[in-house]
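Enquirer: Dropping the structure in here first, questions after.
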Amino acid sequence: MVQTEAYLMLSMVLFVLGTLGVLLRRNAILVFMSVELMLNATNLALAAFSRQWGSENGHMFVFFVVTVAAAEVAVGLALIVAIFRSKRSIDIDELHQLEG
Amino acid sequence: MTELIVFIIVGGAAVAFAVTMLLSDNAVHSALSLIVTMVCIAVLFLALNAPFLAMIQITVYAGAIMVLFLFVIMLLGAEKLIPTSPGEGARHYRWFAPLALTLTMSLLLAGGLTILQSQAGDGDTQGPNPILRVVNLTRDGAVVSATANGINVADDVIGRGSSGYIELAPGDTDVIVTSEDGTTQTVSANIARGTAHSILVYGAGVVALVPDDLSPVLQDRSGRFVVYNGYDEPVSLVDFGSDLIEDDSRVVIADIAPGTASAPITLRDDVNINWRIVTTADPTESLYPLAETEVERDRSTLIVVGEEAALGETRPTALIVTTEARPAFGSPRAIGYSLFTDFLLPFQMLALLLLAAMVGVIVMTHRPSTKHIPTSADRRRVSRPLVNVIASQVGHEVTQTDAEAEAARVALLQAEAPEVVGK
């Protein structure tokens, strides 16, 4: 039986890797993939806690996170396609029209 | 031990492919690495007793979402859109990378220390809180109230009825039952996590705490039965069989001692049963008929045998209490049950969110059509040079004389005629 701690550590390592991807990569699609990795890491922690407490609520949260992630990816990729159409680039460093 | 080996291998692969995803220059390679990471996480879900989540993880994440990613990458041709050297815009953000690294590493350190110091992982997994209910076998006396460690379990349980389950804290529990005539009875027991108990009230105010087996019924289309004997001599449960055939009775559960519960039996729901409670001493004499009992699939049935006082005499009686068996932890059945009871409103909100997202995506990617639809003015502009064409064919201006103008008009009409018909 692997302890919940081990799952939490793995979940946190994956989460930090995802954070690094969001902060450091410049390809907007890769930033989105990193966000997905972060969501997956939290799902793993939720499932581990769910087993620890013998309650299905954690599983429900994972279910909702997966569904919301699907909606988020659809909207995000549509945004990327729209931005690519107008700017011919998906480099997020080039998208700074809003800066003062 | 096996789980630990699987955890180390699969967890290591998940981290390794996540790093590959981050470092890869080609977006398609990144997407493929992320798919492998997600499959690894699905395997970890299996190890965490969450088979339904593992399936969702593979179908929705590794299937639908990642295919969407790959589709967009290939649609935009975005595999290597970003040059490796920092471009014009990146110059403003050169200070950002070390800051991001420092922030995330401190997050990792702080989180890791917190997890290591916490008590989250020590010891075994813990089941859900125990649950308790009241089953009242007496006909007249209502149970006024039942409390466990001061927590109210049920109020006013009518005769021959039962209350719903109430969640409690685990541990040593004192159950106090107050009857209608003011007498109180106390039962003490240590109630562990993940268990279910019934407080039985029967006979002349006897109170007993009986464990209920609500674990999933593993056989298909089957139900579980337990008989508790509150009578003062040993009883048996006998199936008297069909009335048409002589001597086909058989004992289902034999010799249940007074004050004890039988071992659970599991029966398929396609058997016809004609049960009676008999005393073990005289198996032909029926104490109480249970003719209308049916096997209900995935349900746990408690049959309480006891005595009741009626019209100045006591007579044997029995009460049947049927409860839904708990679905196995993490199974699709359990998730579905949760989804359509406690989480129905969030589920519906989620459906609305998905609908809104779908409409939003369509609006965002919709581009007004640039294809030009010809109007009648356009046709005019096209047909007017026809006069010049005719003039060049004829060799002189078509509008020179009235007769020639008339001829030219006829020629023009003829030239335009198919188009007019075409309208």
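Enquirer: For the stretch A:10-100, just list the percent of Cα-Cα distances falling in each 10 Å bin from zero outward, please.
Expert: 16, 37, 29, 14, 4, 0
Enquirer: Across the stretch B:269-335, how large is the tail of the calculated P(r) beyond 18 Å, expressed as a percent of all Cα pairs?
Expert: Values: 1201 of 2211 pairs.
It works out to 54 percent of all Cα pairs.
Enquirer: So for B:Ser331, B:Ser369, B:Ser188, what's the accessible-area order with a 1.4 Å probe, most first? Display every interim value, and only then the final one.
Expert: Numbers: B:Ser331 20, B:Ser369 100, B:Ser188 80 Å².
I get B:Ser369, B:Ser188, B:Ser331, largest accessible area first.
Enquirer: I would also like to ask the following. Taking N as the number of residues in the protein assembly as shown, what value does Rg over Cα atoms divided by 2.2 N^0.38 Å take?
Expert: Details: Rg = 37.8 Å, N = 523, 2.2 N^0.38 = 23.7 Å.
With N residues counted in the protein assembly as shown, Rg over 2.2 N^0.38 Å equals 1.59.
Enquirer: Give the shape of the stretch B:219-326 as rounded, prolate or oblate, defined through the alpha-carbon gyration tensor: a ≥ b ≥ c are the square roots of its eigenvalues, a/c under 1.5 means rounded, and otherwise the shape is prolate if a/b is larger than b/c and oblate if not.
Expert: On the way: a/c = 1.78, a/b = 1.26, b/c = 1.41.
It is oblate, given that a/c is not under 1.5 and a/b is not larger than b/c.
Enquirer: Can you tell me what share of the DSSP beta bridges in the stretch B:193-321 is antiparallel? A percent to the nearest 5 is fine. Before the final figure, lay out the partial values.
Expert: Working: 34 of 40 bridges.
DSSP beta bridges in the stretch B:193-321 are roughly 85 percent antiparallel.
Enquirer: For the stretch A:1-63, with all protein chains present and a 1.4 Å probe, just round the carbon and sulfur fraction of the accessible area to a whole percent.
Expert: Numbers: 1320 of 1770 Å².
C and S atoms contribute 74 percent here.
Enquirer: A:Gly54's amide H: which non-local residues (gap 5+, or another chain) put their own amide H closer than 5 Å, with H modeled 1.01 Å from N in plane and none for Pro or chain starts?
Expert: Residues meeting the amide H criterion: B:Gln126.
Enquirer: For the charge dipole of the protein assembly as shown, defined by +1 on Lys and Arg C-beta atoms and -1 on Asp and Glu C-beta atoms about the Cα centroid, which residue among B:Val251, B:Ile8, A:Leu23 has the Cα displaced farthest towards the positive pole?
Expert: My answer, from the dipole projection, is A:Leu23.
Enquirer: Let me ask something else. Please report the buried accessible area for the interface of B with A, total over both chains, probe 1.4 Å, in Å² to the nearest 100.
Expert: By this definition, chains B and A bury close to 7400 Å².
Enquirer: Add -39500 (n - 2.57) for each DSSP H run of 4 or more in the protein assembly as shown, then divide by its residues: what number comes out at 222 nm, to the nearest 500 deg cm²/dmol?
Expert: The helix contribution divided over the protein assembly as shown gives -15000 deg cm²/dmol.
Enquirer: What are the trypsin sites (Lys or Arg not before Pro) within the stretch A:5-100 that DSSP puts in a loop, where the Cβ has at most 16 other Cβ atoms within 10 Å?
Expert: Numbers: sites: A:Arg25, A:Arg26, A:Arg51, A:Arg85, A:Lys87, A:Arg88; in loops: A:Arg25, A:Arg26, A:Arg88.
Passing sites in the stretch A:5-100 are A:Arg88.
Enquirer: Using a 1.4 Å probe, what is the accessible area per residue for the protein assembly as shown, in Å²?
Expert: About 53 Å² of surface per residue is accessible.
Enquirer: Treating the beta-carbon of each Lys and Arg as +1 and of each Asp and Glu as -1, no other charges, what is the dipole magnitude of the protein assembly as shown about its Cα centre, to the nearest 20 debye?
Expert: Numbers: 31 positive and 53 negative charges, 726 e Å.
With Lys and Arg at +1 and Asp and Glu at -1, about 3480 debye.
Enquirer: Same structure, new question: Calculate what fraction, in whole %, of the accessible area of the stretch B:128-212 sits on carbon and sulfur atoms when a 1.4 Å probe is rolled over the protein chains. Mind showing how you got there, number by number?
Expert: On the way: 1820 of 3680 Å².
The value for the stretch B:128-212 is 50 percent carbon and sulfur by accessible area.
Enquirer: Right, next: Work out the charge dipole of the protein assembly as shown with +1 on the Cβ of Lys and Arg and -1 on the Cβ of Asp and Glu about the Cα centre, then indicate which of B:Ala261, B:Asn190, B:Thr293 is farthest towards its positive end.
Expert: It is B:Asn190, whose Cα lies furthest towards the positive end.
Enquirer: Also: Where does the stretch B:2-82 land on Rg(C-alpha)/(2.2 N^0.38 Å)?
Expert: On the way: Rg = 13.9 Å, N = 81, 2.2 N^0.38 = 11.7 Å.
That works out to 1.19 for the stretch B:2-82.
Enquirer: Additional query: With +1 assigned to the C-beta of every Lys and Arg and -1 to the C-beta of every Asp and Glu, and no other charges, what is the dipole magnitude of chain A about the Cα centre in debye, to the nearest 20? Spell out each step's value before the answer.
Expert: On the way: 6 positive and 8 negative charges, 45 e Å.
The calculated dipole for chain A is roughly 220 debye.
Enquirer: Next question. For a distance above 14 Å, tell me the whole-number percent of Cα pairs in the stretch B:128-212 that qualify.
Expert: Values: 1964 of 3570 pairs.
Considering the stretch B:128-212, 55 percent of its Cα-Cα pairs are separated by more than 14 Å.
The values are calculated or read from the model by the stated rules, or taken from the named source; none is laboratory data. Not measured: the values here are computed from a predicted model. As a convention, Cβ positions derive from the backbone with ideal geometry for all residues, glycine included, and neighbour counts pool all protein chains shown. Areas reflect the complete protein model, heavy atoms only, side chains present, ligands, DNA and RNA absent. Shrake-Rupley method; radii C 1.70, N 1.55, O 1.52, S 1.80 Å.
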